[in-house]
1. Residues to consider are LEU319, LEU250; find the one that is surrounded by fewer than 24 Cβ atoms within 10 Å (Cβ to Cβ), away from the ligand (no atom under 16 Å from the Cβ), aliphatic (A, V, I, L, M) and within 20 Å of the chain's Cα centre (by Cα).
2. Hey, can you tell me all the residues within segment 271-282 that are out of contact with any Asp or Glu (no Cβ under 8 Å at 6 or more places or on another chain) and within 16 Å of the ligand (Cβ to nearest atom)?
3. If VAL192 satisfies every condition in (1) assigned to a loop (DSSP other than H, G, I, E, B); (2) of a type in the set (Val, Ile, Thr); (3) more than 16 Å from the ligand (Cβ to nearest atom) but one, which is the exception?
4. Only one of these conditions is not met by ARG393: (1) within 28 Å of LEU243 (Cβ to Cβ); (2) under 25 Å from the mean Cα position of the chain (by Cα). Which number is it?
5. Show me the helices (runs of 4 or more DSSP H) found entirely inside segment 94-155 where at least 3 residues are under 19 Å from the mean Cα position of the chain (by Cα) and buried (at least 24 other Cβ atoms within 10 Å of the Cβ).
6. Looking at ARG172, is it of a type in the set (Lys, Arg) and crowded, with 16+ Cβ neighbours inside 10 Å?
7. May I ask you to say which residue of GLY299, GLY268, GLY240 is within 16 Å of the ligand (Cβ to nearest atom), touching a helix residue (DSSP H, G or I) at 6+ places or on another chain (Cβ under 7 Å) and in a loop (DSSP other than H, G, I, E, B)?
8. Report the residue count in segment 183-211 for those that are of a type outside the set (D, E, K, R) and modelled with pLDDT under 95.
Amino acid sequence: MSTGHDLQRRASRRLPGIPEPEPGHVGPRPLFIARSKGAETWDVDGRRYVDMSTSGTGCNVLGFADPEVEEAVVRAVHDGPMASVLQPADVELADLLCELHPWADMVRYARAGSDATSLAIRIARTYTNRERVAFCGYHSWHDWYMSAGHAQPDAIDRFLQPGFGDAAGVPRAAGGLAVPFHYNDASELEQVLRASPGRFAAVILEPVRNTLPEPGFLARVRELASEHGAVLIADEVMAGFRLGPGGAHLAYGIEPDLAVFSKAISNGHPMSAVIGREAIMRAQLRTFAYSTYWIEGVGPAAAVATIKKYVRERVHDHLRARGEAVQAGWRAAAARAGLAVKVEGIPPLSRLSFVHDDPARLMDIYGARMAEQGFLAGERYYPTLAHTEDHVRDYLAATERVFHELRAS
Ligand code: PMP
């Protein structure tokens with residue numbers, strides 16, 4: 001039995017959600033990775049793959065184990081990553097984030113995306129002394145967000161994934177405080193805000209994700225939040241630093257009141273930040289929001305090194321070029337294979353789906369066949385600085401072979 005199968009058998013007893021391995025079955029993707037570097041990743045049985053999927057759920061934008069980031073991280077580890085008070089990188093990172101976002105004056109750190117969006121909501125509620133939140137998209141597994149499922153079961157199904165709409169394990173008492181609206185539908189947001197005048201603390205949304213903003217949409221959201229006295233929060237956990245060195249809101253000319261970053265800011269090391277206007281950020285002094293590891297030193301060191309490299313190397317240009325090439329390649333390969341596909345998303349967050357009666361089955365086969373050819377691939381392609389033109393060319397050639405096979409299946 002391979003090391004991967006053995007680990008999976010043990011994991012199926014200890015880690016909920018991991019199934020027993022089927023004898024002789026090689027899954028579409030390796031479950032256990034031993035090592036990753038640049039664009040490559042090796043499983044525990046020594047097989048090598050080029051990661052043309054999400055490279056660590058969108059965190060390793062510079063490629064796995066980027067040398068500059070790792071050097072800063074190793075230094076932080078050697079210097080003792082957890083002190084009893086702040087460390088200089090906390091200030092350096094705060095300056096960097098505020099210089100890149102001139103509308104923001106202050107910064108507060110956490111370590112996960114959900115921590116930081118929840119912190120932003122807590123700050124907004126404290127500042128406004130209100131409770132309701134209008135949201136669009138996925139923002140957190142925490143109760144303030146998931147409780148939306150109690151009031152409107154399709155709210156979570158639509159924005160997270162089908163099956164979680166009943167918000168199991170989340171108290172019903174908070175139900176109704178988080179109210180969903182659709183992206184690109186400013187009049188729906190207006191109705192939501194108007195239905196409860198003076199009760200909305202915040203409007204939170206991603207500036208962009210799978211769909212591009214229609215002209216005027218983001219500006220109207222800004223206007224509505226201001227009109228209703230709600231704090232506008234840009235959730236940049238996913239899109240931040242992929243369209244330019246900073247939040248995607250900068251690319252669309254919108255100034256929120258708070259913005260939340262994680263994932264891309266620290267190239268695979270846990271880190272997140274809320275940035276914002278001074279008066280609002282100071283409101284957090286009236287509430288208790290703190291977690292021990294929010295002051296450890298590896299995250300800020302990684303973030304400073306990562307962000308400096310984004311600025312210096314114009315990494316976003318590279319991401320756009322690779323993402324555009326893959327999106328065009330998906331369309332061309334599908335056309336040649338006679339397969340119907342849908343291609344969505346900004347180029348740095350590209351998304352592929354099959355237009356078919358059973359699209360999930362086709363995606364499973366696609367992932368399995370691509371893994372056989374040495375690629376981690378699926379419905380998402382998040383470009384990294386480590387992806388070369390050759391990686392893209394070879395990946396698209398393999399994709400086309402699999403598309404032909406899928407057409408015939
Ligand atoms: N906001 C957005 C837009 C996200 O995509 C995610 C996670 N993918 C989160 C918040 C939560 O971040 P985390 O998984 O780090 O808690």
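The values are calculated or read from the model by the stated rules, or taken from the named source; none is laboratory data. All figures in this text were calculated on a predicted structure; none of them were measured in a lab. Cβ atoms come from the backbone with ideal geometry, glycine included; neighbour counts cover every protein chain shown.
1. Working: LEU319 fails: surrounded by fewer than 24 Cβ atoms within 10 Å (Cβ to Cβ).
Exactly one of LEU319, LEU250 is surrounded by fewer than 24 Cβ atoms within 10 Å (Cβ to Cβ), away from the ligand (no atom under 16 Å from the Cβ), aliphatic (A, V, I, L, M) and within 20 Å of the chain's Cα centre (by Cα), namely LEU250.
2. Of the residues in segment 271-282, the ones out of contact with any Asp or Glu (no Cβ under 8 Å at 6 or more places or on another chain) are 271, 273-275, 279, 282.
Matches in segment 271-282: MET271, ALA273, VAL274, ILE275.
3. (1)
4. Result: ARG393 passes all but (2).
5. On the way: elements: 113-128, 143-146, 148-151.
Of the helices (runs of 4 or more DSSP H) lying wholly inside segment 94-155, those with at least 3 residues that are under 19 Å from the mean Cα position of the chain (by Cα) and buried (at least 24 other Cβ atoms within 10 Å of the Cβ) span 113-128.
6. Working: of a type in the set (Lys, Arg): yes; crowded, with 16+ Cβ neighbours inside 10 Å: no.
So ARG172 fails the test.
7. Values: GLY299 fails: in a loop (DSSP other than H, G, I, E, B); GLY268 fails: touching a helix residue (DSSP H, G or I) at 6+ places or on another chain (Cβ under 7 Å).
It is GLY240.
8. Of segment 183-211, the ones of a type outside the set (D, E, K, R) are 183-184, 186-187, 189, 191-193, 195-198, 200-205, 207-208, 210-211.
Imposing the further condition that a residue be modelled with pLDDT under 95 reduces the set to 210-211.
Residues in segment 183-211 being of a type outside the set (D, E, K, R) and modelled with pLDDT under 95: 2 in total.
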